[in-house]
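The values are calculated or read from the model by the stated rules, or taken from the named source; none is laboratory data. As the structure is a computational prediction, the values presented were derived from the model and not from experiment. Cβ placement follows ideal geometry from the backbone for every residue including glycine, while neighbour counts extend to all protein chains displayed. For the accessible areas, the whole protein counts, side chains as well, though only heavy atoms, and no ligand, DNA or RNA atoms are used. Shrake-Rupley method; radii C 1.70, N 1.55, O 1.52, S 1.80 Å.
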Amino acid sequence: RRKGFSSLLSALQILDAQGFNAHLVVFGANAQELAMKFQNIDVTFVGYIHNSSVLIALYNISNVMVVPSYSEVFGQTASEAMSCGTPVVAFRCTGIQDVVEEDCGYLAEPYSSEDLAKGIKYCVENNMNNVLGVAARESALRRFAVKVVSKQYIALYKSLV
């Protein structure tokens, strides 16, 4: 429930009713756990991914990553997608709003399926020349790269000693 599936489902139903054609790839769940049927949106379940190369490939071929969680401390999947150059759509709430910058995707009004749908459509239609994806990758490297984070940990450690 806290991962926001009901909001995602509602957003996809809105897009489907508008005739929006898409192919949704769901990982972290299977078809038995999440029942979805649409007219214009194909759905593929890839289950749980335990191979980082496969996960990276999925992020790289995606036009947008949707993280509709109601509560995220950080938003690991959002930062992973961004590091692969994939824009992210999420709700403007909890920790994920600190991960997704405006030019890296779309932050929807909390728990609004209509705005989530708008964000998905926005990212797909406004990512010409991968502008959003490039910004997402640059943001992830600037803020979450190992060298950046390790320097922050060292600085914190030194300030506490």
Within a Gaussian network of the chain (alpha carbon springs, distance under 10 Å), most fluctuating of TYR70, TYR48, TYR106: TYR48
Surface accessible to a 1.4 Å probe, SER71 within the full protein complex, Å²: 60
Search the structure for amide H atoms under 5 Å from the amide H of VAL89, placed 1.01 Å from N in the peptide plane, and list their residues when 5 or more places away or on another chain. MET65, VAL66, VAL67, TYR106
Once phi for every residue in segment 27-39 is put through the Karplus expression 6.51 cos²θ - 1.76 cosθ + 1.60 (θ = phi - 60°), the whole-Hz ³J(HN,Hα) values, with Gly and Pro written as x, are 10, x, 7, 10, 4, 5, 7, 10, 8, 9, 9, 9, 7
So which of LYS37/LYS121; LYS3/LYS147; LYS3/LYS121; LYS3/LYS37 end up more than 26 Å apart by C-alpha? LYS3/LYS147
Can you give the helix-only mean residue ellipticity at 222 nm for the chain, where every DSSP H stretch with n ≥ 4 adds -39500 (n - 2.57) and the sum goes over all residues, rounded to the nearest 500 deg cm²/dmol? -14000 deg cm²/dmol
When every protein chain stays in place and a 1.4 Å probe is rolled, LYS3, LYS158 sorted by accessible area with the largest first are LYS158, LYS3
Please work out the ratio of the alpha-carbon Rg of the chain to 2.2 N^0.38 Å and round it to two decimals. 1.08
Inter-centroid distance (Cα atoms) of segment 23-56 relative to segment 69-104, Å: 19
Net charge within 12 Å of GLN152 by Cβ-Cβ distance, Lys/Arg positive one each and Asp/Glu negative one each, not counting GLN152 itself? +4
Once you keep just the Cα pairs under 8 angstrom separated by 6 or more residues, what percentage relative contact order results for the chain? 20
Amide H contacts of VAL43 (H built 1.01 Å from N, under 5 Å, at least 5 apart or other chain): LEU24
